[in-house]
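J.: Provided herewith is a single structure, encoded as structure tokens, for subsequent inquiry.
The values are calculated or read from the model by the stated rules, or taken from the named source; none is laboratory data. These figures come from a predicted structure and were not determined experimentally. All Cβ positions, glycine included, derive from the backbone under ideal geometry; neighbour counts span all protein chains shown.
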Amino acid sequence: MTAQSNIYPTAALQALDAAHHLHPFSDMKSLNAEGSRVITRAEGVWLYDSEGNRIMDGMAGLWCVQVGHGRTEIIEAVSKQMEELAYYNTFFKTTHPPAVALSEKLAKLAAPHINRVFYCSSGSEANDTVFRMARFYWDQMGKPDKKVFIGRWNGYHGSTLAGTSLGGMKAMHGQGDLPVPGVRHINQPYWFGEGGDMSPEEFGIQRARELEQMIDQIGEDKVAAFIAEPIQGAGGVIMPPDSYWPEVRRILKERDILFISDEVICGFGRLGTWFGSDYYGMEPDMMPIAKGLTSGYLPMGGVMVSDRVSDALVNKSGEFYHGYTYSGHPVCAAAALANLEIIEREGLVDRVANDIGPYLKSRWMTLADHPLVGEARMKGLVGALELVPEKGNRNKQFPDTGSVGTICRDQSFKNGLVMRAVRDSMIISPPLVLSHEEADALVDTTHKTLDATHQILKKDGWLV
Ligand code: PXG
């Protein structure tokens, strides 16, 4: 069969898919029994499947399609770059105009102390890069004992060896004897799920101080870096209490530990700032980036590096033995540049901060009144709903965690909206070009979906 066509019936595509395609993060046995959903085209915030259904992309693909689907500017920039220079590498004293232009652009967009970027092709590779780069930095600084990374339980940093290890997904660790040695984890600042009787502010301080305790227990002369997402995405859109980041900043500064802000989801306008660390007033030493860098049109990632760290790479002799065939790929860089140009020209970052972000939030927060919803939260254009069996009681959860989330997610899809379920919370992260009317439709569909889920739960005895 050919790649583009949809001349085959859905069932035939599903059969071939089941026969030959191993999907990421999927129970293949049940997926193949059910049959994959076939997406054939997309435009703006809308996806179209092989049956002709139109579905709103409430997740911007996988948290990445900032500028929406089908943007001709990116398509044209990619095509032009392919004609001019489809591939060359950036090893061995070589560069090319797209990599140069993108590096300059990223340095302008990042905080003033961040001026360099190391390229790769994904967020996972970006985190494998920081793993090696942070250790190399401390070697260069004459402190080779500073090797230990501290991450957080339920953090997500990708699925390569270093990405999985730095992340705190226990089910992932269980496959392949991970984390690798030299990685420790502290608890997450998830007030709704783990805050007990504490106020959010007290809880934020308490969870930040776990970092202090962990560093002091290991010894600060042995700790290389702390890695965290400004807001945890895949872990369930977990927004730390306001007290958390300032306290983390104090702790890291006092102890001279590098801070790695994983911007793979929070970067490129998701929170109404260029980077999530700008939103929280953090000054990271390194920032893994990917996803929104190209809006997913082509795979590209990178690590943005502060002057402090890059000085050790640039002004001291010694080669960092690290790089990828596709580091700074010219066509991916052209896609990134065209994407960033759209974000700038259409003022999408400001739009998230001052227009569509506050608008969607005002509508999203009304869902908190629904009997199934324990908490609604949103910052920028990323939001969550916590589904609970007993409204007002944060300590009570549904049995068989994840089942209710899956029911709700399936209902949502049936109603024409892609939402992501994490445990029993529902997540949205729509394209930054979402219109006000589309925001209304998103919330109305979510309301309908919550009602349908509520009915099913009552019928099947999940609720009394
Ligand atoms: N860091 C963060 C914060 C991420 O969210 C990665 C690194 C890894 O990026 P790559 O490009 O290697 O996938 C991610 C990726 C989900 C989901 O279901 C989330 C991600 C990827 C796939 C699925 O929420 N995040």
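J.: If I filter the range 390-411 for residues that are hydrophobic (A, V, I, L, M, F, W, C) and either out of contact with any Leu (no Cβ under 9 Å at 6 or more places or on another chain) or in a strand (DSSP E or B) (or both), do I get at least one hit?
T.: Checked against the condition, which is being hydrophobic (A, V, I, L, M, F, W, C) and either out of contact with any Leu (no Cβ under 9 Å at 6 or more places or on another chain) or in a strand (DSSP E or B) (or both), the range 390-411 yields no hits at all.
J.: Okay, moving on. Across the range 377-389, what is the total count of residues that are in contact with a Leu (Cβ under 8 Å, 6 or more places away or on another chain) and either outside the structural domain of residue 60 (by TED's automatic domain parsing) or under 15 Å from residue 423 (Cα atoms) (or both)?
T.: 5
J.: Report yes if residue 136 is closer than 25 Å to residue 186 by Cβ, within 21 Å of the chain's Cα centre (by Cα) and of a type outside the set (Gly, Ala, Ser), otherwise no.
T.: No, not satisfied.
J.: If you check 104, 73, which single one turns out to be within 24 Å of residue 438 (Cα to Cα) and away from the ligand (no atom under 16 Å from the Cβ)?
T.: Within the list 104, 73, the selection yields 73.
J.: Let me ask you something else. Can you say whether residue 172 is within 16 Å of the ligand (Cβ to nearest atom), touching a helix residue (DSSP H, G or I) at 6+ places or on another chain (Cβ under 7 Å) and within 29 Å of residue 376 (Cβ to Cβ), as far as the supplied structure shows?
T.: Yes, satisfied.
J.: Condition first: away from the ligand (no atom under 15 Å from the Cβ) and either closer than 30 Å to residue 354 by Cβ or assigned by TED's automatic domain parsing to the domain that holds residue 169 (or both). Now tell me which residues in the range 413-432 satisfy that.
T.: 415, 416, 417, 431, 432, listed by residue number.
J.: Taking the range 6-37 on its own, how many of its residues are loosely packed, with under 15 Cβ neighbours inside 10 Å, away from the ligand (no atom under 16 Å from the Cβ) and closer than 25 Å to residue 234 by Cα?
T.: 6
J.: Checking the conditions here, which among 238, 150 is within 21 Å of residue 303 (Cβ to Cβ), modelled with pLDDT of 95 or more and touching a Phe, Trp or Tyr at 6+ places or on another chain (Cβ under 8 Å)?
T.: Selected residue: 150, the only one of 238, 150 that is within 21 Å of residue 303 (Cβ to Cβ), modelled with pLDDT of 95 or more and touching a Phe, Trp or Tyr at 6+ places or on another chain (Cβ under 8 Å).
J.: What residue, of 127, 154, is within 16 Å of the ligand (Cβ to nearest atom) and closer than 30 Å to residue 368 by Cβ?
T.: The match here is 154.
J.: From the residues in the range 268-299 that are over 18 Å from residue 431 (Cα atoms) and of a type in the set (A, V, I, L, M, F, W, C), which one is nearest to the chain's Cα centre (by Cα)?
T.: Ranking the candidates gives 287 first.
J.: Of the conditions (1) over 30 Å from residue 303 (Cβ atoms); (2) out of contact with any Phe, Trp or Tyr (no Cβ under 8 Å at 6 or more places or on another chain); (3) buried (at least 18 other Cβ atoms within 10 Å of the Cβ), residue 386 fails just one. Which one is it?
T.: Just one mismatch for residue 386, condition (2).
J.: Give 177, 145 a once-over and let me know the one that is in the same structural domain as residue 308 (by TED's automatic domain parsing), among the charged types (D, E, K, R) and touching a helix residue (DSSP H, G or I) at 6+ places or on another chain (Cβ under 7 Å).
T.: 145
J.: Mind checking whether some residue in the range 239-261 is within 16 Å of the ligand (Cβ to nearest atom) and part of a loop (DSSP other than H, G, I, E, B)?
T.: yes
J.: Cβ-Cβ under 8 Å, sequence separation 6+ or interchain: first residue in the range 423-435 and free of Cβ contacts under 8 Å to residues at least 60 places away in the same chain, partner assigned to a loop (DSSP other than H, G, I, E, B). Which pairs?
T.: Final answer for the pair search is 424/388; 424/397; 424/398; 424/401; 424/402; 426/419.
J.: Then there is this: May I ask you to say which residue of 44, 52 is loosely packed, with under 15 Cβ neighbours inside 10 Å and on the phi > 0 side of the Ramachandran plot?
T.: Step by step, each of 44, 52 is checked, and only 52 is loosely packed, with under 15 Cβ neighbours inside 10 Å and on the phi > 0 side of the Ramachandran plot.
J.: So residue 306 fits all but one of (1) touching a residue at least 12 places away in the same chain (Cβ under 8 Å); (2) within 24 Å of residue 441 (Cβ to Cβ); what number is the exception?
T.: Just one mismatch for residue 306, condition (2).
J.: Let me ask something else. Assuming residue 421 fulfils every condition listed in (1) hydrophobic (A, V, I, L, M, F, W, C); (2) assigned to a strand (DSSP E or B); (3) out of contact with any strand residue (DSSP E or B) (no Cβ under 8 Å at 6 or more places or on another chain) apart from one, which condition is it?
T.: With (1) hydrophobic (A, V, I, L, M, F, W, C); (2) assigned to a strand (DSSP E or B); (3) out of contact with any strand residue (DSSP E or B) (no Cβ under 8 Å at 6 or more places or on another chain) applied to residue 421, the lone miss is (3).
J.: Right, residue 267: part of a helix (DSSP H, G or I), within 14 Å of the ligand (Cβ to nearest atom) and on the phi < 0 side of the Ramachandran plot or not?
T.: no
J.: Also, I was wondering about something else. Please specify each residue of the range 273-296 satisfying the condition of being of a type in the set (Gly, Ala, Ser), surrounded by fewer than 24 Cβ atoms within 10 Å (Cβ to Cβ) and out of contact with any Cys (no Cβ under 7 Å at 6 or more places or on another chain).
T.: Scanning the range 273-296 gives a single hit, 281.
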